[in-house]
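Beneath this line is the structure, given in structure tokens, with notes to follow.
The values are calculated or read from the model by the stated rules, or taken from the named source; none is laboratory data. In this text, all values refer to a predicted model and were calculated from it rather than measured experimentally. For neighbour counting, all protein chains shown are included, and Cβ atoms are generated from backbone atoms with ideal geometry for every residue, glycine included. Note: accessible area is taken over every heavy atom of the protein model, side chains too, but ligands, DNA and RNA are not part of it. Shrake-Rupley method; radii C 1.70, N 1.55, O 1.52, S 1.80 Å.
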Amino acid sequence: MHKSANDKSFISITVSGTIIYMKNIMKKIFMTTLILALILTGCSSTPQSTEAPAEDTTAPEVITPRPDDGRTVVGISMPDRLLERWNRDGEFLKDQFESIGCEVILEYANNLIDTQTDNLKMMIASGADLLVVTAVDGSALSTVLEDAHRNGVKIIAYDRLIMGTNAVDYYVSFDNYKVGVLQADYIIADLGLKTSKDPKNIEFVTGDPVDNNARFFYRGAMDTLKPYLDSGQLQVPSSQSGFYETSTAQWSTDIAQQRLQIILNSYYPEGTRLDAVLCANDSTAVGVTRALEADYTGRNTVVVTGQDADISNIYNILEGTQSMTVYKHLKQESVVTVTLGQDILEGNEPAEDLIDRAGWDFDCSYNVTDYNNGNKVVPSYLLRPIAISAVNIEKELFKTGYYGRNSAGLIYATK
Ligand code: GAL
């Protein structure tokens with residue numbers, strides 16, 4: 001294929017330093033394949049179904065009551081230590097269950113489905129009465145949990161919904177749809193989309209497709225940005241705005257960085273301005289910040305969102321390389337879970353009444369409509385997420401004692 005110097009139908013892209021000349025249409029095919037390759041590494045889950053749960057023709061679950069061995073054993077299965085927050089969730093849950101006299105088995109699964117399944121099998125064999133589970137892959141735990149449930153083990157899905165099974169009693173999380181709304185609201189305000197009609201460019205870096213939360217974050221954000229995307233006031237130069245094509249397997253910082261670098265090198269030649277990147281959480285936001293530092297040629301500060309208020313991202317917000325994050329008070333999430341756990345271990349079937357009886361000094365709502373796992377609508381306790389930027393960071397994170405600073409000014413997570 002011969003390319004003459006000023007032939008506009010040819011374009012050049014740089015992949016790992018090699019300049020490749022190719023026709024525009026070829027580029028679209030090539031780019032989609034490349035990014036699809038990045039994405040397909042993590043796509044295996046069954047999305048949250050919107051239809052009514054399928055007629056469950058299987059025989060009703062026979063629950064064998066647990067022999068009372070005088071011990072109350074709680075198994076806590078966390079997905080991964082590399083994503084900052086789960087370390088804190090695990091510690092908070094362990095401390096609080098131990099404080100009410102439970103024996104706790106806490107395990108981390110390195111983001112591996114088989115490891116999590118083995119962790120759960122070990123907890124069940126160790127006599128667990130209650131399992132508190134944050135799934136690596138929401139659809140991969142049915143078998144191991146159905147065995148446990150048949151043997152009277154109670155199961156709470158912690159933060160991420162467990163999909164495609166009846167073997168889950170309750171769900172505790174934040175209002176995940178609201179998380180996406182807060183991220184989009186921040187972008188709308190910061191870009192002045194309500195006041196000026198100037199078109200702006202945005203890109204999307206969404207979450208792990210096997211994590212049911214990622215869809216709620218995505219829907220909250222896209223529903224909020226829809227009027228601006230429909231009117232063309234918000235443009236997506238890469239034209240990638242679908243859930244799967246913008247998703248990030250394992251919430252990986254590296255995958256987010258690689259994908260945005262490819263987008264910058266392909267759709268943002270010199271002078272093309274990028275105004276915002278909607279990142280679903282802080283680990284992907286770190287990847288995006290690095291990609292912007294490495295490959296963005298514009299002079300403007302790109303709006304970058306996040307979630308979790310991870311310490312490394314708090315520094316980035318204070319430095320101005322990240323614009324906001326969504327703060328989720330993890331200790332409160334564990335307080336709700338332990339109170340709920342204690343109540344069901346005592347043989348109760350709490351509903352709204354748990355919130356009244358607990359009298360927490362924070363918001364928590366009882367929801368029996370929104371979290372359908374494909375088999376049933378799981379009764380859920382949802383906490384309120386809070387948008388954090390440089391404006392309210394001191395008040396919400398430091399004055400409240402969620403984070404502290406040591407004598408050298410370094411931020412640390414309080415107990
Ligand atoms: C989600 C969780 C977020 C974020 C993300 C990556 O399930 O709700 O807070 O931590 O996983 O770990």
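Laid out as a table, the results:
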quantity	calculated
Efficiency of FRET from Cβ geometry, Glu349 and Tyr315, R₀ 45 Å, rounded to 0.05	0.50
HN-Hα J in Hz across segment 145-156 - Karplus 6.51, -1.76, 1.60, θ = phi - 60°, x for Gly and Pro	6, 5, 4, 4, 4, 4, 9, x, 6, 7, 10, 10
Protection proxy ranking, peptides 292-300, 304-312, average beta carbon neighbours within 10 Å, highest first	304-312, 292-300
Descending semi-axes in Å of segment 161-256, equivalent ellipsoid built from Cα gyration tensor	28, 16, 10
By average C-beta atoms within 10 angstrom, highest first, the peptides 93-104, 216-227, 198-209	198-209, 216-227, 93-104
DSSP-defined antiparallel bridges as percent of all bridges, segment 259-415, nearest 5	85
Under 10 Å, Cβ to Cβ, from Ser365 - net charge with Lys/Arg +1 and Asp/Glu -1	-2
Karplus-derived 3J(HN,Hα), 6.51/-1.76/1.60, for each residue of segment 108-119, Hz, glycine and proline x	10, 9, 6, 6, 10, 4, 4, 4, 5, 4, 5, 4
Per residue accessible area in Å² of segment 274-381, where ligands, DNA and RNA are left out and the probe is 1.4 Å	36
Cβ crowding within 10 Å averaged over residues, with 182-194, 349-361 ranked highest first	182-194, 349-361
